[in-house]
Amino acid sequence: METASEGQQIATGEVAQSFRKRDAFATGLGVLTATLGSAVGLGNIWKFPAMTGQNGGAAFIIIYLVCTLLVGLPVMMSEHMLGRHARKDAINTMRDLAPRRQPWWLIGAAGGLAAFLIMAFYSEVAGWVFAYVFKAASGSILSTDPAANSATFGALVSSPWQALVWQWIVLIWVGAIIMMGVSKGIERVTKKLLPLLFVLLIAVCVRSLTLDGAGEGIKFLFNPDFSKVTGPVVLAAMGLAFFKLSVGMGTMITYGSYFRDDQNIPATATKVMLADLTVSILAGLAIFPAVFALGFDVAAGPSLLFEIIPAVFASMPGGNFFVIIFFLLTAIAATGAMISIVEVPVAFLTEQFRLPRRNATLLTLVLLALMGALAALSFSELSDVSLFGKSFFDLYDYASSNILLPLGGLFICIFVGWVWGFDNVKRALSNNGALDNERIIRLFFTIAKYITPLLVLLVLLDGLNIL
Ligand code: PHE
């Protein structure tokens, strides 16, 4: 763990080097869990069900799957590869690898902006989760009555002070972990607790699926109705694929820079994608059968998780206890994701300006608290304020997932396919010839060079009504 005085020494190149060595992931499994820890978060448990509910269910999921395979996965592999090759933060990775005077570092800069936008609303949702851990412990959230659950949630989000204070608690919590260094603390914790989240999710699925009337929910999840699919819906599904895999903004470049030289990048990225997908589907199976069985509103959006999960547990023996554990694990999953978001600007500030890690973190937190307040108050004091027809909360979400991440992904793939080129890619992804995976590399390269950019461009133009 890093102490304050060690943090201050990062000023010299040599110490920066040893800092990097210390903070690099030590084992292959550590790489996998840290990367998975970034991917798995509120995106799976909160965003995926809410968006699936609002956008018509199975058809949305199918488009999401296609985007995950043809967009999310290639971008993730690209980011890991570039980060590991340059061993720098996102902006400096792109600056180092780009030909002289070509401004590819802008990808990293846009990613930094995306990190702030995402964290500004993510920390608020995480604040609700933290609040629910405590509310669950006091036994005040368990009810199968939709009206009661929506009142409980409404009271939380519409109270300005509760919204702000819970967000600050989250920011301080994440900041403290970042300051201590990531690998020893959270990596170890998430490694142990993520499997527990899996088990608990499965338990909730079983309960949800065995409720009377659960069939409607299964139909909703697996019976596609493409009539609800419009350009903006496709863009939302693609944005979710980016958000889910933490790609398009430099998180995976930054994490890639901590990867081991012998890490098998295609295999790692594929495993992370599959595990992440499994958690999302499990969350869907936990939530939708219960939505229909208990008479909730599928299109409830942000409140869905907070109303449904307590209702499912309320109908379960031992629900009082399990609901605490459930929200606790969700808080932990959210923490792993938030650390990876905040690590993007912190890595940049420490490397670029030689700021001690502690100061870089503090600066980032203050900015986040200011931007985040606008999101936190979107459901109370600022509920009448809108920009481009959206609340700050929605605007942050929309601008990051639907614009910045796709643009980031688009240019990362263009860079890899058209600037960096096949020979570099082949060397990087085969670990300088140590891995015998040329066919996979060729497949990846073709997709990243032609298919991903084309798809992202089309979906962006159509979703933003430019076409
Ligand atoms: N993937 C994370 C989640 O699903 C969110 C995230 C987005 C993390 C972008 C890092 C970067 O919760």
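Could you rank the peptides 316-325, 427-436 by their average count of other C-beta atoms within 10 Å per residue, with the highest value first?
316-325, 427-436
Taking the solvent-accessible surface of protein heavy atoms with a 1.4 Å probe, what is the per residue accessible area of the range 143-228 in Å²?
51 Å²
According to the square roots a ≥ b ≥ c of the eigenvalues of the Cα gyration tensor, what is the shape class of the chain, taking rounded for a/c under 1.5, prolate for a/b larger than b/c otherwise, and oblate for the remainder?
It comes out prolate by the Cα gyration axes.
Let me make sure I get this right: for the range 15-121, a, b and c are the square roots of the gyration tensor eigenvalues over alpha carbons, sorted descending. Under 1.5 in a/c it's rounded, otherwise prolate if a/b > b/c, else oblate. Which is it?
Because a/c hits 1.5 or more and a/b exceeds b/c, the range 15-121 counts as prolate.
Suppose every Lys and Arg Cβ carries +1 and every Asp and Glu Cβ carries -1, with no other charges. What dipole size does the chain come out with about its Cα centre, to the nearest 20 debye?
The calculated dipole for the chain is roughly 1180 debye.
Considering only 235, 284, 434, whose Cα is most displaced toward the positive end of the charge dipole of the chain, charges sitting on Cβ of Lys, Arg (+1) and Asp, Glu (-1)?
Sorting the options by dipole projection puts first 434.
What dipole magnitude, in Debye to the nearest 20, does the range 38-168 give about its Cα centre under +1 on Lys/Arg Cβ and -1 on Asp/Glu Cβ?
Computed about the Cα centre, the dipole is about 540 debye.
Quick one: which of 198-206, 440-448 comes out on top by average Cβ neighbours within 10 Å, and what's the full order, highest first?
440-448, 198-206
Using the Cα centre of the range 353-449 as the reference point, and only Cβ charges (+1 on K/R, -1 on D/E), how large is the resulting charge dipole? Debye, rounded to the nearest 20.
Here the size comes out at about 540 debye.
Too long at a 23 Å Cα-Cα cut-off: which of 228/390; 135/192; 191/271; 244/426?
135/192; 244/426
For the range 290-336, what does the alpha-carbon gyration tensor say about shape, rounded, prolate or oblate, given a ≥ b ≥ c as the root eigenvalues, a/c under 1.5 as rounded, and a/b over b/c as prolate?
It is oblate, given that a/c is not under 1.5 and a/b is not larger than b/c.
Label points 7 Å out from Cα along the Cβ direction at residue 299 and residue 26: separation in nm?
Output for this residue pair reads 5.2 nm.
Carbon-plus-sulfur fraction of the accessible area of the range 139-267, 1.4 Å probe, in percent?
Within the range 139-267, the accessible surface is 68 percent carbon and sulfur.
Where does the chain land at 222 nm, in deg cm²/dmol rounded to the nearest 500, when only DSSP H runs of n ≥ 4 count, each adding -39500 (n - 2.57), divided by all residues?
Helix-only estimate at 222 nm: -22500 deg cm²/dmol.
To the nearest 0.05, what FRET efficiency results for residue 161 and residue 210 with a Förster distance of 56 Å applied to their C-beta separation?
My answer for the efficiency is 0.90.
Report the label-to-label distance for residue 113 and residue 446 in nanometres (one decimal), using points 7 Å from each Cα along the Cα→Cβ vector.
3.6 nm
For the charge dipole of the chain, defined by +1 on Lys and Arg C-beta atoms and -1 on Asp and Glu C-beta atoms about the Cα centroid, which residue among 299, 130, 404 has the Cα displaced farthest towards the positive pole?
Ranked along the dipole, the leading option is 404.
Residue 47: which aspartates and glutamates have alpha carbons under 19 Å from its alpha carbon, excluding same-chain residues fewer than 8 sequence positions away?
124, 276, 297, 307, 394, 397
If packing is taken as the mean number of other Cβ atoms within 10 Å per residue, what is the order of 280-287, 219-226, highest first?
280-287, 219-226
The values are calculated or read from the model by the stated rules, or taken from the named source; none is laboratory data. Because the structure is a prediction, the values reported are computed rather than measured. All Cβ positions, glycine included, derive from the backbone under ideal geometry; neighbour counts span all protein chains shown. Quick note on the areas: whole protein, heavy atoms, side chains included, nothing else; ligands and nucleic acids left out. Shrake-Rupley method; radii C 1.70, N 1.55, O 1.52, S 1.80 Å.
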